[in-house]
Amino acid sequence: MLLEVIALDARDAHAAQEGGADRLELVSDMAADGLTPAVATARRVLAATDLPVRAMLRDDAGFAPWSLAHLRAEAIALRDVGVTEFVLGWLTDAGAIDVAACQTVIDELDGCKFTFHRALDNSTDPITAWKDVVALGADTVLAAGSGTGVADGLPVLRKLAALQEADGVTVMAGGGLSAEQVPGLRADGVHSFHVGSAVRPGGWNYPVDAAVVAQWVELVKG
């Protein structure tokens, strides 16, 4: 069982670790649903925690890249300060996985582990998209099962959970995830969970609360 927490800065990283989280997703600008963090922020986060940190590579709201050259440069800069795990994912205008765009950025990761994020939820066919993501080499897919969140995506999440063992890719449930949904998802074979606003009782303008993270750890692993 794994709990990943969204971190915006070193303070979040410290609180998430104190609460018992297993991994961080480092992003900036949650008003755009998470963009690439600044290199300076990444450096401070890496100094503040010994948890695995997966840095977002995303340069625009939505699921199309603004500049692949810029994304490649950001990947290199983040690797240079010690980031070894990433989060990425883009779609074509037709709603399929943009394999070419993804591969262009993946080529700069030099074998680093990466999560394919919720672009899959917004594809026209998440099951077909899953196959493309597996071929790209992701070790994790962050999914709600629906672009509108876990509540609407439970049937798709169950299908993805049934595929993960054979394909060697972990499905991680997140995107409007509520505590009430965790037991059922665990029963369906989901073993990894992702939270952001759920561990910030005051909302995104407030830091991660270590005590709330601990409650989620107990929920996920208890």
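The values are calculated or read from the model by the stated rules, or taken from the named source; none is laboratory data. Keep in mind it's a predicted model, so treat the numbers as computed, not measured. Note that we place each Cβ from the backbone using ideal geometry, even for glycine, and neighbour counts take in every protein chain shown. Quick note on the areas: whole protein, heavy atoms, side chains included, nothing else; ligands and nucleic acids left out. Shrake-Rupley method; radii C 1.70, N 1.55, O 1.52, S 1.80 Å.
Would you check if Asp98 is over 29 Å from Trp216 (Cβ atoms) and not aliphatic (A, V, I, L, M)? In short, yes.
The C-beta contact set for the range 36-62 (first residue free of Cβ contacts under 8 Å to residues at least 12 places away in the same chain, second residue assigned to a strand (DSSP E or B) and surrounded by fewer than 24 Cβ atoms within 10 Å (Cβ to Cβ), distance under 8 angstrom, 6+ apart or interchain) comprises Ala38/Ser28. Tallying residues that are surrounded by fewer than 16 Cβ atoms within 10 Å (Cβ to Cβ) and more than 19 Å from Leu24 (Cα to Cα) within the range 186-202 yields 3.
Hey, can you tell me all the residues within the range 34-47 that are open to solvent by 40 Å² or more (accessible area, probe 1.4 Å) and either farther than 21 Å from Gly111 by Cα or acidic (Asp, Glu) (or both)?
So the first thing to find is which residues in the range 34-47 are open to solvent by 40 Å² or more (accessible area, probe 1.4 Å), and the list is 38-40, 43-44, 46-47.
Those that are open to solvent by 40 Å² or more (accessible area, probe 1.4 Å) and either farther than 21 Å from Gly111 by Cα or acidic (Asp, Glu) (or both): Ala38, Ala40, Arg44, Ala47.
In the range 163-185, which residue that is among the aliphatic types (A, V, I, L, M) and farther than 19 Å from Ser123 by Cα is surrounded by the fewest Cβ atoms within 10 Å (Cβ to Cβ)? It comes out as Ala166.
With the condition kept exactly as written, say whether any residue in the range 61-71 is assigned to a loop (DSSP other than H, G, I, E, B), closer than 27 Å to Gly222 by Cβ and either in contact with a helix residue (DSSP H, G or I) (Cβ under 7 Å, 6 or more places away or on another chain) or open to solvent by less than 50 Å² (accessible area, probe 1.4 Å) (or both). Quick ask: steps written out before the conclusion?
Of all residues in the range 61-71, those assigned to a loop (DSSP other than H, G, I, E, B) come to 61-67.
When the remaining residues are screened for being closer than 27 Å to Gly222 by Cβ, the result is none.
No, the range 61-71 has no match at all.
Can you go through Ala119, Ala101, Ala138 and tell me which one is modelled with pLDDT of 95 or more and surrounded by fewer than 24 Cβ atoms within 10 Å (Cβ to Cβ)?
Values: Ala119 fails: surrounded by fewer than 24 Cβ atoms within 10 Å (Cβ to Cβ); Ala138 fails: surrounded by fewer than 24 Cβ atoms within 10 Å (Cβ to Cβ).
From the options Ala119, Ala101, Ala138, the qualifying one is Ala101.
Among residues of the range 1-17 being over 29 Å from Asp188 (Cα atoms) and acidic (Asp, Glu), the one that is most open to solvent (accessible area, probe 1.4 Å) is Asp9.
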